[in-house]
Amino acid sequence: MTSQDVTTVLPVTNVTCPVNDGGLPDFIVEVVPFIQDRVKQFHRLFTQPMKAELWEETLHNAFQDIGLSTSWEPIFSHKIGEDMHIKGVSESRISCKSGILSTDYMIKTVKVLRRQLKDRGLNVSGKKSDLVKRLEDDDKKNGIVTSSSVRFSGSRSSSYPTLDEKLAHFCKSNDDWYFLLSKPKDFKKEYMLLVFHSSVCKVDQLKWVENGKGWKGEGEFNASITAATASGQLWIDELPLNKIPYKFLIEG
């Protein structure tokens, strides 16, 4: 898979994507303009963030816009992992999630980033990823902690009493890809769509320790599991954006 770092959205065009069974990455970039268009339509009527079943249906409809059928049905299913897959496309089980961005640098426009760099007396040249890194490096130099990461919830594990059983449960192959419609806490009708393979956040690769509230896992990303009395909910607390190959700015 070739890593993509797409942070702007192309104008909506008529796109036809014949299924060639090359896997889901063949269609990620093609579907984004249609997601953008449908999110804009949503926010002509609503100011609150798009999430849950509305996000699932929006993604399902966007795939239909490029000629792909999915398995999604409006049945309000809460099953673990897959919310839909693309018919005829291998390894295309998708889990639709909402995420919270821990920094808003990545969803700011290049114009705004360059203005912030200029205000700090820093170099304003380069692509968007260069500008973000320059701001974050300057924050670190000045003792300001910033981490470009996303937080989102996983499944529950209350029926699994031990940590090993919980980790085995979380790491079952229930999906292939995550589609995270992520937003900053200060929501202003802007999202970052994050698309990545589910193997990126397998929690059995972390070092886990028990604390008073459950368990905490640390490694290339950070996660936590709430105590059994709180349903044993898995949280991916900090997944660095630099581990995510597909990033798209979606404006409502």
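In the stretch 33-53, which residues are of a type outside the set (D, E, K, R) and in a helix (DSSP H, G or I)? Outline the logic, then answer.
In the first step, residues of the stretch 33-53 are kept if they are of a type outside the set (D, E, K, R); the result is 33-36, 39, 41-43, 45-50, 52.
The answer is PRO33, PHE34, ILE35, GLN36, VAL39, GLN41, PHE42, HIS43, LEU45, ALA52.
Are any residues in the stretch 22-32 crowded, with 19+ Cβ neighbours inside 10 Å and part of a helix (DSSP H, G or I), and if so, which ones?
So the first thing to find is which residues in the stretch 22-32 are crowded, with 19+ Cβ neighbours inside 10 Å, and the list is 24, 27-28, 30-32.
Those that are crowded, with 19+ Cβ neighbours inside 10 Å and part of a helix (DSSP H, G or I): PHE27, ILE28, GLU30, VAL31, VAL32.
Return the total of residues in the stretch 107-133 being within 19 Å of LEU194 (Cα to Cα), of a type in the set (Lys, Arg) and either touching a His at 6+ places or on another chain (Cβ under 6 Å) or outside any helix (DSSP H, G or I) (or both).
Of the residues in the stretch 107-133, 2 are within 19 Å of LEU194 (Cα to Cα), of a type in the set (Lys, Arg) and either touching a His at 6+ places or on another chain (Cβ under 6 Å) or outside any helix (DSSP H, G or I) (or both).
Given the structure, is ALA223 surrounded by 13 or more Cβ atoms within 10 Å (Cβ to Cβ) and small (Gly, Ala, Ser)? Walk me through it before giving the result.
Values: surrounded by 13 or more Cβ atoms within 10 Å (Cβ to Cβ): yes; small (Gly, Ala, Ser): yes.
In short, yes.
Of everything in the stretch 52-82 that's in contact (Cβ under 8 Å) with a residue 60 or more places away in the chain and in contact with a strand residue (DSSP E or B) (Cβ under 7 Å, 6 or more places away or on another chain), which residue is nearest to SER153 (Cα to Cα)?
GLY81
Specify the residue that is nearest to the chain's Cα centre (by Cα); the eligible residues are those in the stretch 201-213 that are closer than 28 Å to LEU249 by Cα and buried (at least 18 other Cβ atoms within 10 Å of the Cβ).
Initial filter on the stretch 201-213 (closer than 28 Å to LEU249 by Cα): 201-203.
This time we only want the ones that are buried (at least 18 other Cβ atoms within 10 Å of the Cβ), so: 201, 203.
Details: CYS201: 11, VAL203: 16 Å.
Checked the stretch 201-213; the qualifying residue nearest to the chain's Cα centre (by Cα) is CYS201.
Each row is one residue, and each column tells you yes or no for (1) assigned by TED's automatic domain parsing to the domain that holds THR58; (2) out of contact with any Phe, Trp or Tyr (no Cβ under 9 Å at 6 or more places or on another chain); (3) part of a loop (DSSP other than H, G, I, E, B).
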site: PHE152; (1), (2), (3): yes, no, no
site: SER158; (1), (2), (3): yes, yes, yes
site: TYR191; (1), (2), (3): yes, no, no
site: SER199; (1), (2), (3): yes, yes, no
site: LEU239; (1), (2), (3): yes, no, no
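Which one of the conditions (1) of a type in the set (Lys, Arg); (2) in contact with a Leu (Cβ under 8 Å, 6 or more places away or on another chain); (3) surrounded by fewer than 17 Cβ atoms within 10 Å (Cβ to Cβ) does LYS97 fail to meet, given that it meets all the rest?
In the conditions (1) of a type in the set (Lys, Arg); (2) in contact with a Leu (Cβ under 8 Å, 6 or more places away or on another chain); (3) surrounded by fewer than 17 Cβ atoms within 10 Å (Cβ to Cβ), LYS97 misses (3) alone.
Failed condition for LYS216, given (1) surrounded by fewer than 18 Cβ atoms within 10 Å (Cβ to Cβ); (2) modelled with pLDDT under 95, with all others met?
Condition (2) is where LYS216 drops out.
In the stretch 222-234, which residues are at pLDDT 95 or above and not in a strand (DSSP E or B)?
none
Checking SER98 against (1) farther than 26 Å from PRO184 by Cβ; (2) touching a residue at least 12 places away in the same chain (Cβ under 8 Å); (3) of a type in the set (Gly, Ala, Ser), only one condition comes out false. Which one?
With (1) farther than 26 Å from PRO184 by Cβ; (2) touching a residue at least 12 places away in the same chain (Cβ under 8 Å); (3) of a type in the set (Gly, Ala, Ser) applied to SER98, the lone miss is (1).
The values are calculated or read from the model by the stated rules, or taken from the named source; none is laboratory data. Note that the structure is predicted; figures quoted are calculated from it, not measured. Using ideal geometry, Cβ is built from the backbone for each residue, glycine included, and neighbour counts are taken over all protein chains shown.
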